[in-house]
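Colleague: Just dropping this structure here.
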Amino acid sequence: MSVLIFVDQTEGHIKKASFEVLTYGAALARQMGTTAEALLLGTVNDDLAALGKYGVKKVHQVANETLNHVDAQLYAKVIAEAVTASGANVVVFSHNQTGKAVSARVAARLKAGIVSGACALPDTANGFVVRKTVFSGKAFANVSINSPIKVISLNPNSYKTVAGEGTAEVVALNVPVDASKIKITAVNKVSGEVPLTEADIVVSGGRGLKGPENWGVLLDLAKELHAATACSRPVGDAHWRPHHEHVGQTGVQIAPNLYIALGISGAIQHLAGVNRSKVIVVINKDPEAPFFKAADYGIVGDLFEVVPKLTEEIKKMRAAG
Amino acid sequence: MKILVCVSKTPDTTSKIAFTNGNTKFDEAGVQWIINPYDEWYALVRAIELKEKDAAVTIHLVTVGLADCDPIIRKALALGGDEAIRVNADNSDSFYIAAQIADVARQGAYDLILTGKETIDYNGSSIGGMVAELVDAPYLSLATLFELNGTTATITREIEGGEEVAEVSLPVVVSCQKGVAEQRIPNMRGIMAARTKPLKVVEPAAIEALTSIMSYELPPAKAGVKLVSPDNVAELVRLLHEEAKAI
Ligand SMILES: Cc1cc2nc3c(=O)[nH]c(=O)nc-3n(C[C@H](O)[C@H](O)[C@H](O)COP(=O)(O)OP(=O)(O)OC[C@H]3O[C@@H](n4cnc5c(N)ncnc54)[C@H](O)[C@@H]3O)c2cc1C
């Protein structure tokens, strides 16, 4: 019995979402009175023993370069082998792009029940019940996993990452890896930007910005806050912003610490993607905008006047320390 | 060339979300049902576009659900598609659903299986990956572009921190999102034609569900918004820093 945590990497580095699942998986192992181990596929430049500071005792590595690229079919086979080899009965993924591609495949291969989009530690007092978001963030469901092996994929930004002390033992796992049936012909990474689902702070713009040429005020604020940027659906549809920034029921669902909405009315479909944010700030010139009902703080005013002031005031606060 | 499109019935995006039976059942009172937007706007429409280019393409739709799914299946058939298969079962476990679809998929020997990236009710994003595993085909998730050239598919898909372009030989399972196609409205001819298209009802295979929903909860209500005057933006910064500790 153990909890096996899948750690994913891109371009030789382990990403923030993995530290969150490591912390979560280690806490789950403590709760169940068992040990937490990590699994990494491919090769990385990072120090794997250092993952011990998130609470894992062992890191299994399948150091095969074919696995530096995510192919769900190969990954599922290798991860399932690792689960069997390590005797794990719980497997944890991040519900990020890689997790979405791979976790359900692994679950089907192992005939293991899966809760994807989990947002809290399971209740293991009576069975194994995991809370997840449903209806695009408008509600939660408590789901019981009834199979011997259990798979969880955790919504990014739902568990607080804690780094302590400790080093993990790194062990090589030899698993045969097939040739990939997929040929990758191009990879375009959006570099220098904070990935939306991992961001602590998100600044988002709606139709109230009037056009793509006006995004400067928003970008200045985002830069000052080291925030990721997002937008409402009509903004993505009109190509004012790239469509991967579209948040909401039919876009990306996020749960940052702080969500700042500029010129967004707060339609129910928009709220569905952002209402798990811890703090919501709304700036809108219409006092009747529905978004104010879902907000913690608000300013009724013209964003083109308010936002530059806000950026200035944050600068001042930072300068004052 | 045979395409299988997985479609699912979901509550309309404006539906009030509430629960009954001691929070164990979704309250369907007054709910309008739609085809899951990702299944309809992207997966199904892309399949229809492929058929418009090549008359030799056959499109089958599959859904796992009870007879109350029939109206949305008819609507999907009105958009396009040649016939539909409904597996007559009611279950929310993703493995159960995927295993039923995989059964249909094996029998139909499809070249291409398309799904939406997730359903807007259970948000599992699991079915595509599971079906791919069960039929042992490559899986390309979160596609934003899909092109077909003979038996080779070229897919642009979202990955961690960006996107990639992948080439793969059929058969393949692809989950679709925005970019793959544009939403369409069914026309009168399509609606008339849909009435006579075959909708086959098949009984489910004996599959054990691996999960079950115990209860639902609504998020706690917000305490109410604190409004700050536009002339006192510094106060908002102070509140965010000192009270909310968010910056
Ligand atoms: C099936 C379905 C799915 C959908 N999915 C999504 C989704 O995932 N995400 C999403 O966002 N939407 C979604 N929508 C669309 C949604 O219903 C709304 O139409 C959309 O969110 C509105 O975008 P908006 O707030 O940018 O624009 P509007 O509703 O036009 O709001 C603009 C706001 O800006 C304010 N404003 C204007 N000028 C200024 C100014 N100078 N200063 C300050 N404020 C100003 C206005 O008061 C207004 O409140 C969906 C709709 C459907 C039917």
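All of the numbers you see were taken from the coordinates with simple rules; none came from a lab. Just so it is clear, the structure is predicted and the values come from calculations on it, not from any experiment. Note: ideal-geometry Cβ built from the backbone for every residue, glycine included; neighbour counts use all protein chains shown.
Colleague: What is the spread of the Cα atoms of chain A along each of their three principal axes, largest first, in whole Å?
Modeller: Here the Cα extents, ordered largest to smallest, are 60, 46, 42 Å.
Colleague: Here is a further query. So who's got an amide H within less than 5 Å of the one on A:THR35, skipping anything under 5 residues away but keeping other chains? H placed 1.01 Å off N, in plane.
Modeller: Excluding prolines and chain starts, which carry no amide H, the hits are A:VAL3.
Colleague: Among the GluC sites (Glu not before Pro) within region B:5-108, which fall in a DSSP loop and have no more than 16 other Cβ atoms within 10 Å of their own Cβ?
Modeller: B:GLU28
Colleague: Let me ask something else about it. Give the total of Lys-Lys pairs in chain B with Cα-Cα distances below 16 Å; include a pair only if its members are 8 or more places apart or on different chains.
Modeller: The result is 9.
Colleague: Over all directions, what mean area does the Cα convex hull of the protein assembly as shown project, stated in square nanometres?
Modeller: Spelled out: convex hull of the Cα atoms, projected over all directions, averaged, 25.8 nm².
Colleague: If contacts are Cα pairs under 8 angstrom and at least 6 residues apart, what is the relative contact order of region A:12-126 in percent?
Modeller: Relative contact order, region A:12-126: 25 percent.
Colleague: May I pose another question? Using the Cβ atoms and a cut-off under 10 Å, what net charge is assigned to the surroundings of B:LYS2, where Lys and Arg are +1 and Asp and Glu are -1? Before the final figure, lay out each step's value.
Modeller: Details: positive: none; negative: B:ASP82, B:ASP111.
Spelling it out: positives minus negatives among the neighbours equals -2.
Colleague: Please report the Cα spread of region A:2-172 along all three principal axes, rounded to whole Å, starting with the longest.
Modeller: Projected onto its principal axes, the Cα set of region A:2-172 covers 40, 35, 29 Å.
Colleague: Looking at region B:1-100, which trypsin sites (Lys or Arg not before Pro) are DSSP coil and have at most 14 other C-beta atoms within 10 Å of their C-beta?
Modeller: B:LYS16
Colleague: Set the Förster radius R0 to 35 Å, insert the Cβ-Cβ distance between B:ASN88 and B:ALA55 as r into 1/(1 + (r/R0)^6), and round the FRET efficiency to 0.05.
Modeller: 0.65
Colleague: Give the shape of region A:196-320 as rounded, prolate or oblate, defined through the alpha-carbon gyration tensor: a ≥ b ≥ c are the square roots of its eigenvalues, a/c under 1.5 means rounded, and otherwise the shape is prolate if a/b is larger than b/c and oblate if not.
Modeller: Verdict is rounded for region A:196-320.
Colleague: Would you tell me the mean number of C-beta atoms belonging to other protein chains that fall within 10 Å of each C-beta in B:40-51, as a whole number?
Modeller: The shielding value for this peptide is 0.
Colleague: B:ALA29 to A:THR66: FRET efficiency via 1/(1 + (r/R0)^6), r the Cβ-Cβ distance, R0 35 Å, to the nearest 0.05?
Modeller: Values: r = 53 Å, r/R0 = 1.50.
Approximately 0.10, to the nearest 0.05.
Colleague: Another question about this same structure. For region B:83-139 and region A:215-288, what is the separation of their Cα centres, given in Å?
Modeller: Here the answer is 32 Å between Cα centres.
Colleague: Still on this model: Hey, with R₀ at 25 Å, roughly what FRET efficiency would B:ALA221 and B:PHE19 work out to, going by the Cβ-Cβ distance, to 0.05?
Modeller: 0.95
Colleague: So what is the relative contact order for chain A, in percent, with contacts set as C-alpha pairs under 8 Å and at least six apart?
Modeller: 15 percent
Colleague: Obtain the nm distance between the two label points defined at A:GLU165 and B:ARG184 by a simple spin-label model: each point lies 7 Å from its Cα along the Cα-to-C-beta direction.
Modeller: Once both label points are built, they end up 6.5 nm from each other.
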